[in-house]
Structure formats: structure tokens, C-alpha cells
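Colleague: If you scroll down you'll find the structure; I have some questions about it.
The values are calculated or read from the model by the stated rules, or taken from the named source; none is laboratory data. On a predicted model such as this, the values are computed, not experimentally measured, just so you know. We place every Cβ from the backbone using ideal geometry, glycine too, and count neighbours over all the protein chains shown. Each accessible area value is taken on the protein alone, full model and side chains, heavy atoms only, with ligands, DNA and RNA left out. Shrake-Rupley method; radii C 1.70, N 1.55, O 1.52, S 1.80 Å.
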Amino acid sequence: MGKAVYIAEKPSVAQEFAKALKLNTKRKDGYLEADNAIVTWCVGHLVTMSYPEVYDEKYKRWALETLPFLPKEFKYEVIANVEKQFRIVSGILNRSDVDVIYVCTDSGREGEYIYRLVEQEAHVKGKVRRRVWIDSQTEEEIQRGIREAKDLSEYDNLSESAYLRAKEDYLIGINFSRLLTLSYG
């Protein structure tokens, strides 16, 4: 039997999970590891949508003739200042001794989005994925959340909603910022 990974949104929350699980962990760079478990964290967002110039260099210069910017497929990238933590998390999620991943990011659309982007960019395959949904970070609530964790696929609609909202915010932000700046200086 392999290890379980518990991935939280922030280091402080990860420490609460390790404490609630009564894990005897050793602190590593970007995670805590015990004999049968690993607890790690994002640090908020590790992945973001790429800027328009990543799609085509012509978008680097703001011009009315390049608007609206409406990509057919969205591109994503690891955020430069948290790339080290992304590499750590990606490596953990893809370790051969890891069987199950407990997604412990914040309960809600944004927490779901944070994890799904990491999984997407880390190319995680072949792992059991469970979603921990809790209302507080008390020991009892964390233990209940893990006991009652559902298959991550049960949250696919929430994930799709998160992606859609992010795309909407991105397109409005990119297009209107450029349009207003070009039109009104």
C-alpha cells in the first residue's frame, strides 16, 4: 500500500492537517512527510493563464486591430515566483509510491480551481483522488472531512464553473483594459 498525499492551499492549513491526522512528520522543503503520508501545499495559486503575447508575439503591443483577443484554446503556465513549490508539489503528486491524493484546498470554487490547475500542469495520472470538504480547520472537522471525502469527479461541475469564471475574468480584463487604455489613454 502506497502513501496518501494531502494537498492544502496554504502551509498553515497543511500543518493543521498533519496535526489532526496525528502524523509523525519530518519537515522537508515544501512538504511534510511521514511513513504513510505526505502533506504539502500550494501557496495560493501556482498556475495562471498565459498572457496574450504567449499566444502570438503580435499581442505584446497593444493595438485596436488585435482586439478582441479570443483564443480558441487557453494556455496556462506556472507562476515564476512560486515555480519551486510547483515543482515540489508536481513531483510529489507524481511519485510512484503515492496511491491517493486528498484535495484539501479551500472548500469552494476558487480552492477547486487552484488544485485542478496544479493537477493539469503536473500531468497527474493514475491516482485515486478524493475531495476533502470542510467548514473549519478543527481537528474533528478535518478528520470528518477525510473520512467522508468523495471522489474528486463529484466536483467536476464545480471545477468547470471555476474554469469558466476564470476565463470570463481573463477575457474581460485583457480586452477592456486594452480597449480603454487605447481609447482614453
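Colleague: Given a 1.4 Å probe, how much area per residue of the chain is accessible, in Å²?
Modeller: 56
Colleague: How many angstrom separate the Cα center of the stretch 131-185 from the Cα center of the stretch 13-82?
Modeller: So the separation of the two Cα centres works out to 13 Å.
Colleague: Continuing with this model, one more query. Take every Cα pair under 8 Å in the chain that's 6+ residues apart, average their separations, divide by the length, and report that relative contact order as a whole percent.
Modeller: 25
Colleague: Using a probe of 1.4 angstrom, how much of the accessible area of the chain is carbon and sulfur, in percent?
Modeller: 50
Colleague: Of all GluC sites (Glu not before Pro) in the stretch 37-79, which ones are in loop regions per DSSP and have a Cβ with at most 11 other Cβ atoms within 10 Å?
Modeller: 73
Colleague: Translational diffusion coefficient of the chain at 10 °C, 1.306 mPa s, Stokes-Einstein with Kirkwood Rh over Cα pairs, in µm²/s as a whole number.
Modeller: Rounded, D is 89 µm²/s.
Colleague: With a cap of 12 neighbouring Cβ atoms within 10 Å, and only residues DSSP puts in a loop, list the trypsin sites (Lys or Arg not before Pro) found in the stretch 95-185.
Modeller: 125
Colleague: In addition: Excluding residues fewer than 8 places away in the same chain, name every one of the aspartates and glutamates whose C-alpha is closer than 13 Å to that of residue 22.
Modeller: Within the straight-line cut-off, residue 22 pairs with 33, 35, 139, 140.
Colleague: Using only the alpha-carbon atoms, what does the stretch 111-185 span along each of its principal axes? Please give whole angstrom values in decreasing order.
Modeller: 56, 31, 19
Colleague: Given R₀ = 35 Å, what would the calculated FRET efficiency be for residue 181 paired with residue 160, taking r from the Cβ atoms and rounding to 0.05?
Modeller: The calculated FRET efficiency here is 0.65.
Colleague: List, in the order given, every pair from 28/75; 3/28; 3/150; 127/150; 75/167; 3/125 whose Cα-Cα distance in the structure shown is over 20 Å.
Modeller: Over 20 Å Cα-Cα: 28/75.
Colleague: Which far-off residues, 5 or more places away or on another chain, put their amide H under 5 Å from the one on residue 76, with H placed in the peptide plane?
Modeller: Under 5 Å from the amide H of residue 76: 50.
Colleague: Now for a different question. If you place +1 on the Cβ of every Lys and Arg and -1 on the Cβ of every Asp and Glu, how big does the dipole about the Cα centre of the chain come out, in debye to the nearest 20?
Modeller: Here the chain has a charge dipole of around 380 debye.
Colleague: Under the 0.36 nm per residue contour assumption, what length would be gained going from the current alpha-carbon distance of residue 148 and residue 63 to full extension?
Modeller: Working it through step by step, the gained length comes to 25.4 nm.
Colleague: Given a 1.4 Å probe and the protein chains all in place, what does the accessible area of residue 29 round to, in Å² to the nearest 10?
Modeller: Answer for residue 29: close to 90 Å² accessible.
Colleague: Moving to a separate point now. List the extent of the Cα atoms of the stretch 2-96 along each of their three principal axes, largest first, rounded to whole Å.
Modeller: Here the Cα extents, ordered largest to smallest, are 59, 27, 19 Å.
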